[in-house]
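Reviewing the structure listed below.
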């Protein structure tokens with residue numbers, strides 16, 4: 001016997017019989033082992049026609065030197081009909097990446113034996129992108145949908161209408177407009193400032209604070225950043241990333257300038273000593289030529305603890 005004995009649902013196969021022991025053999029094909037029904041075909045090669053379920057055929061032979069097989073002694077040949085795989089037979093997840101980066105898609109199946117996965121670029125399954133369970137895509141710059149099918153020893157490959165669609169979403173880079181920073185941006189020399197970042201446009205945002213515009217030196221990760229002690233005006237750069245945005249590109253973080261004002265000293269204050277009689281009062285006048293919009297505070301002690 002020869003011929004393909006494993007086919008897809010709705011397909012047909014041709015089975016061929018031969019004999020090395022029967023002279024001028026005549027083959028008859030039955031659907032029952034008891035051979036009680038009329039043969040469905042007589043001849044060497046039998047076309048099953050379209051099959052929708054696994055079917056067993058029984059073939060007998062007779063010839064010049066042999067009579068036809070008795071019931072239940074015919075040669076049995078089973079044609080196994082496999083169902084088409086469906087999208088439910090494939091496990092694979094959508095993914096999100098940044099523009100220009102690499103995506104890795106991994107397919108598996110709990111229902112298909114010895115699965116072979118094929119990835120297509122189009123829903124009609126005419127353009128094969130890759131064959132295998134792990135599909136790596138490099139340098140994607142736009143959101144792209146791929147279509148994966150599976151076939152194996154117990155399933156035929158999905159039809160185009162039932163392939164599994166997998167979406168690789170390309171998230172845009174965040175920009176400074178995605179970040180709002182609140183907090184003090186002025187500090188006295190030797191002090192610090194606390195800055196709080198938020199985003200109206202990034203889902204589940206993660207903020208990273210840098211000390212350089214090239215975004216190479218991380219200072220802090222988190223929404224609320226308290227600077228270290230600073231003595232000169234300093235610029236920090238904050239970025240954001242989240243479920244729908246990738247982190248700002250280098251040179252495109254949000255710049256936050258902390259303006260540091262020097263601490264006044266005795267030379268900034270002009271005031272004259274006064275001599276008065278016991279029990280009388282004196283008017284002390286302070287001026288400055290170096291401080292803009294000055295506010296003077298008078299203390300009773302040099303430690304400046306008693307106003």
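The values are calculated or read from the model by the stated rules, or taken from the named source; none is laboratory data. The structure presented is a predicted model; accordingly, all values stated were derived computationally and were not measured. Note: ideal-geometry Cβ built from the backbone for every residue, glycine included; neighbour counts use all protein chains shown.
Things worth noting here:
- The range 212-224 residues that are closer than 10 Å to residue 236 by Cα, paired with ones that are loosely packed, with under 11 Cβ neighbours inside 10 Å (beta carbon under 6 Å, 6 or more apart): 213/251
- Options 170, 134: the member that is out of contact with any strand residue (DSSP E or B) (no Cβ under 6 Å at 6 or more places or on another chain) and farther than 27 Å from residue 230 by Cβ: 170
- Strands (runs of 3 or more DSSP E) lying entirely in the range 46-101 (those with 2 or more residues that are at pLDDT below 95): 95-98
- Hits in the range 123-154 - residues which are in a loop (DSSP other than H, G, I, E, B) and under 23 Å from residue 8 (Cα atoms): 123, 124, 125, 126, 127, 132, 133, 153, 154
- Selection within the range 264-284: residues that are within 30 Å of residue 191 (Cα to Cα) and surrounded by 10 or more Cβ atoms within 10 Å (Cβ to Cβ). The member of this set that is modelled with the lowest pLDDT is 268.
- Any hit, the range 45-52, residues being farther than 30 Å from residue 159 by Cβ and over 52 Å from the mean Cα position of the chain (by Cα): no
- Residue within the range 160-176 that is closer than 30 Å to residue 126 by Cα, in a strand (DSSP E or B) and in contact with a helix residue (DSSP H, G or I) (Cβ under 7 Å, 6 or more places away or on another chain) present: yes
- Residue 33 surrounded by fewer than 15 Cβ atoms within 10 Å (Cβ to Cβ), outside any strand (DSSP E or B), in contact with a strand residue (DSSP E or B) (Cβ under 8 Å, 6 or more places away or on another chain) and in contact (Cβ under 8 Å) with a residue 40 or more places away in the chain: yes
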